[in-house]
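Beneath this line is the structure, given in structure tokens, with notes to follow.
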Amino acid sequence: MNQINQSGWKPGTPVASIDGEKHPTVTGNKALMLEEALIFEIGDADTYGVDLPYTPTDLPGRMGKFTRKGEIGLPGLSEPQTVRHYTRLSRQNYGIDLGFFPLGSCTMKHNPRLNEKVARMPGFLDVHPMQPIDTVQGALGVIDELAHWLITLTGMQSVAMSPKAGAHGELCGILCIRAALEARGDARKVVLVPESAHGTNPATAAFAGYSTEDIPANKDGRVDLDALKARLGPDVAAVMITNPNTCGLFERDMKAISDAVHEAGGLVYCDGANFNAIMGRVRPGDLGIDAMHINLHKTFSTPHGGGGPGSGPVVLSEALAPFAPLPFVEKAKDGSLRLIEEENMEEHHASTFGRMTAFNGQMGMFTRALTYILSHGADGLRQAAGDAVLNANYILRQLEDVLHAPFGASGPCMHEALFGDAGFAEGFSTLDLAKGLIDEGFHPMTMYFPLVVHGAMLIEPTETESKAGIDQFIMAMRSLAQRAKDGDEALLTAPHHAPRARLDEAHAARKPRLAWSEPEG
Ligand SMILES: *Cc1c(COP(=O)(O)O)cnc(C)c1O
């Protein structure tokens, strides 16, 4: 195996030299953590994992002018080399099955294995969206039963199941709102969004053709009700409010906000990504909300991260239900289930704004979410929300003497604890603390969000962390907070124990080098 490494590493030189590693190895491996070069650097074009028949190169091409002129440039590896390459890379990764993943707002909870087992049952796994309806009654039954649970838990009128992520659900909800306003001939142009909102909220409103305006927060970290009321008027189509909000606080004025918005002729969108904190305890429908997405991949434990797959059903009030997208599942009098598609539009759903997806949504996520719900039961869901909130408050109170907790005095938090960088030594930032957390064996928390807190650190333990696990995290955080305050220089170059030391992230994001080229010579 060719051991030349494009990153410039040569045998005999330490790999993570940034911390002046004391015991370099000639291979670059650190005990059983193996250093791994790029696939192009370890492979060579004459090696194959399978025996291919000899192909003469002088056959007349059938590709016309598209015939390849040069070498194809693929890496060549045997099967064991390939397996080891990817296994070694995978060991440098971090996941929820490995340890605590305190990313605030993301709800990285354990994905129960029972969910996975059910999702892999052949009847669910092999189902195809174009199968005849009488052969997929069980799958439609799952969608229908999950819809029933979501409607019941939220106290809403109906649910659009097809959106495939939180942001997609936001778009679905805002398009329902736009359709409702258009149906009454009311061309409103502005959507109000709190300063602390997730970036997807204003992006969704802008994508749907609205201009957005900030609603200020009060000193407690909640929406300033008076400022909101003062801004309401005939040009405001909707407000988009996250509840619990991204400062980890419950918006206690939600009902008053909804009433004021409705009185001014607008509609209320609630970002329900944080429903994990309140499921089984608060019904958004009782708070006057018109549309709210639920991230099944957060609240109901379906796996996510790394870009998918998500699922973002949107619950709707009576005012918005007629505008919901197709398709949806409907139960006939004889108990059979059918899918209402576009062809039934006139008959069934004349006001629908259209559709969000080609088919019915994320079946695999529906199956997992329903399994989670049924295995918890109503009381178990309520308990999960309570435990998530308890865990976050434990972290808040265990860290607030060493880390600035801007809303620590606003009362208990919900399912996430928020800190800022006030008090760090000159030149030390949240980023440094987060990098130190990697050395301590934790995935960093959400950083620099929400924007309303300087150097924000948003920590969400979820209900699935044990007390022992949380205590270890608290110990690491206390030590790192102290080092950031004391100005411990070693923190500025952390991580020191990761396979790669501190990266130039701005460069990697702005000018990524995504193609490999043959080294010169
Ligand atoms: C996660 C999240 C979203 C977006 O959800 P995606 O599924 O990632 O598109 C929106 N708002 C809040 C508050 C979130 O936490």
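Brief remarks follow.
- Here's the picture: a label point sits 7 Å out from the Cα of Phe66 along the beta-carbon direction, and within the range 491-521 nothing has its amide nitrogen under 17 Å of it.
- DSSP beta bridge pairing in the range 114-369, given as percent antiparallel to the nearest 5: 40
- Backbone amide hydrogens, once placed in the peptide plane, bring Ile215 within less than 5 Å of Val193, Glu195, excluding anything fewer than 5 places away on its chain.
- Peptides 170-180, 60-70, 353-363, 410-420 ordered by packing proxy, namely the average of other Cβ atoms within 10 Å per residue, highest first: 170-180, 410-420, 353-363, 60-70.
- Estimated distance in nm for a label pair at Ser466 and Ala319, the labels positioned 7 Å out from Cα along Cα-to-Cβ: 4.9
- Evaluating 6.51 cos²θ - 1.76 cosθ + 1.60 at θ = phi - 60° for every residue in the range 272-278, the Karplus couplings come out as x, 4, 9, 4, 3, 7, 10 Hz, glycine and proline recorded as x.
- The gain in end-to-end length when the Glu263 to Met33 segment is fully stretched comes to 76.5 nm, 0.36 nm per residue minus the alpha carbon separation.
- With the largest listed first and rounded to whole Å, the semi-axes of the equivalent ellipsoid of the range 233-361 from the Cα gyration tensor are 27, 21, 14.
- Computed from the Cβ-Cβ distance with R0 of 41 Å, the FRET efficiency linking Glu520 to Ser78 stands at 0.90.
- Extension gain, Asp235-Asp51: 0.36 nm per intervening residue step, less the Cα-Cα distance, totals 59.4 nm.
- Using a Förster distance of 35 Å, the FRET efficiency for Arg281-Asn218 (Cβ separation, nearest 0.05): 0.90
- Per principal axis, descending, Cα span of the chain in whole Å: 73, 70, 44
- J(HN,Hα) series, the range 321-328, from Karplus relation 6.51 cos²θ - 1.76 cosθ + 1.60, nearest Hz, glycine and proline x: 3, x, 9, 4, x, 8, x, 9
- Separation between Cα centres of the range 115-163 and the range 214-273, rounded to whole Å: 33
- Among the trypsin sites (Lys or Arg not before Pro) found in the range 200-292, those both in a DSSP coil and sparsely packed, with 10 or fewer other Cβ atoms within 10 Å of their Cβ, are Lys219.
- Over the chain: helical MRE at 222 nm, DSSP H runs n ≥ 4 each giving -39500 (n - 2.57), nearest 500: -10000 deg cm²/dmol
- Extension gain, Thr25 to Asp334, is 104.0 nm, computed as 0.36 nm per intervening residue step minus the present C-alpha separation.
- Where the Cα pairs of the range 375-500 fall when distances are cut into 5 Å bins, in %: 2, 11, 20, 23, 19, 12, 7, 4, 2, 1, 0
- Inter-label distance, nm, simple model (7 Å from Cα along the C-beta direction), Arg120/Arg513: 4.0
- Here the simple spin-label model places points 7 Å from the Cα toward Cβ, and for Ser90 and Glu341 these points are separated by 3.8 nm.
- Each residue of the range 211-223 was assigned a 3J(HN,Hα) from its phi angle through the Karplus expression (A = 6.51, B = -1.76, C = 1.60, θ = phi - 60°), giving 8, 10, 9, 6, 9, x, 9, 8, 5, 7, x, 10, 4 Hz with x at Gly and Pro.
Values quoted throughout were computed directly from the atomic coordinates according to the rules given, and no laboratory measurement underlies them. Just so we're clear, the structure is a prediction, and the values are computed from it rather than from any experiment. Neighbour counts are summed over all protein chains in view; Cβ atoms, including those assigned to glycine, are modelled from backbone coordinates with ideal geometry.
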